[in-house]
Amino acid sequence: MLLLAAIAPFVQSLAFGFVLDDTYAIRRNASLAGWPSLGRVWLEQFGGDGGPFFGLYRPLTAALFAIVSNAGGRWPLWFHVMALLLHAGATLLVWRLLRGALSSRPAFLAALWFALHPLHVEAVANVTNTSEILVAIWTVLLALFLRARVAS
C-alpha cells in the first residue's frame with residue numbers, strides 16, 4: 001500500500017518531458033553523452049559547463065543521470081521512472097526506520113504522510129530535484145546504520 005501511495009500521485013509525471021531545470025541538467029548537458037560520462041561527472045560542476053548551476057557539485061545525482069541517459073537514450077520517460085522508484089524506495093526506508101521506533105500503525109501513517117506529502121511534487125516531477133530524494137535516502141540509511149550499530 002505504501003508503494004502505491006508513493007507512486008500513484010506522481011504517475012502522470014511519466015508523460016512529462018524535461019521540465020524546468022531538467023532542460024539544463026539533462027537535455028542540454030553534453031557532459032552526460034557516452035558512458036565515459038560516468039567518470040566525467042565526478043570532475044565537473046552539476047549540469048555541465050554553461051548551465052545555470054554554477055558552483056553546484058552533485059556527482060551522485062549526475063552519475064545517475066548519466067546511467068539513465070546512456071541506457072535510455074535520453075528519453076524523459078526513464079528519468080521519470082527513476083524519480084518514481086527513488087521516491088518509492090525512500091518511502092519504504094522511512095517506514096522501516098519508523099517501524100524500529102513506533103508501533104505498526106503510527107509508523108505506517110507517518111510513512112504514508114511522507115509518500116503523499118505535496119512537498120514531494122517538485123522532487124519527483126522535476127527530475128533534477130531527485131537530489132532531494134537521494135538526500136532523504138542517504139539520511140535514512142545512515143540512521144538505520146547507526147541504530148544497528150548501537151543495538152549491537
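Over the residues of the stretch 10-82, compute the C-alpha Rg and express it relative to 2.2 N^0.38 Å. Could the numbers behind the result be given before it?
On the way: Rg = 11.6 Å, N = 73, 2.2 N^0.38 = 11.2 Å.
That works out to 1.03 for the stretch 10-82.
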Open item on the list: Counting just the Cα atoms, what span does the stretch 93-152 cover along each of its three principal axes? Round to the nearest Å and put the largest first.
Closed with: 40, 24, 10
- [ ] Given the peptides 58-64, 35-41, arrange them by the average over their residues of other C-beta atoms within 10 Å, most packed first.
- [x] 58-64, 35-41
Task: Karplus-derived HN-Hα couplings along the stretch 19-32 (A = 6.51, B = -1.76, C = 1.60, θ = phi - 60°), whole Hz, x at Gly and Pro - done: 10, 6, 5, 4, 4, 8, 6, 10, 4, 9, 8, 5, 5, 8
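Per-residue ellipticity at 222 nm for the chain, helices alone: DSSP H runs ≥ 4 residues times -39500 (n - 2.57), over residue total, nearest 500 deg cm²/dmol? Working shown, then result.
Working: 7 runs with 89 residues, N = 152.
It comes out at -18500 deg cm²/dmol, rounded to the nearest 500.
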TODO: For the chain, calculate the relative contact order in percent as a whole number, restricting contacts to Cα pairs under 8 Å that are 6 or more residues apart.
DONE: 29 percent
Task: Accessible surface ranking that places the most exposed of GLU44, GLU132 first, with a 1.4 angstrom probe - done: GLU132, GLU44
Task: Net charge dipole size for the chain [Lys, Arg +1 and Asp, Glu -1 on Cβ; Debye, nearest 20] - done: 480 debye
Open item on the list: Can you work out the Karplus-derived ³J(HN,Hα) for every residue in the stretch 98-105? Use 6.51 cos²θ - 1.76 cosθ + 1.60 with θ = phi - 60°, whole Hz, and x for glycine or proline.
Closed with: 5, 5, x, 10, 10, 6, 4, 5
Open item on the list: Using the Cα atoms of the stretch 57-133, I'd like the radius of gyration and the largest Cα-Cα distance, Dmax, both in angstrom.
Closed with: 14.3, 44
Open item on the list: Taking every alpha carbon pair in the stretch 18-152, what does the distance histogram look like in 5 angstrom bins from 0, in percent?
Closed with: 2, 11, 18, 20, 16, 12, 10, 7, 4, 1, 0
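The values are calculated or read from the model by the stated rules, or taken from the named source; none is laboratory data. All of these numbers come straight from a predicted model, not from anything done at the bench. Neighbour counts run over all protein chains shown; Cβ positions are idealised from the backbone, glycine included. Quick note on the areas: whole protein, heavy atoms, side chains included, nothing else; ligands and nucleic acids left out. Shrake-Rupley method; radii C 1.70, N 1.55, O 1.52, S 1.80 Å.
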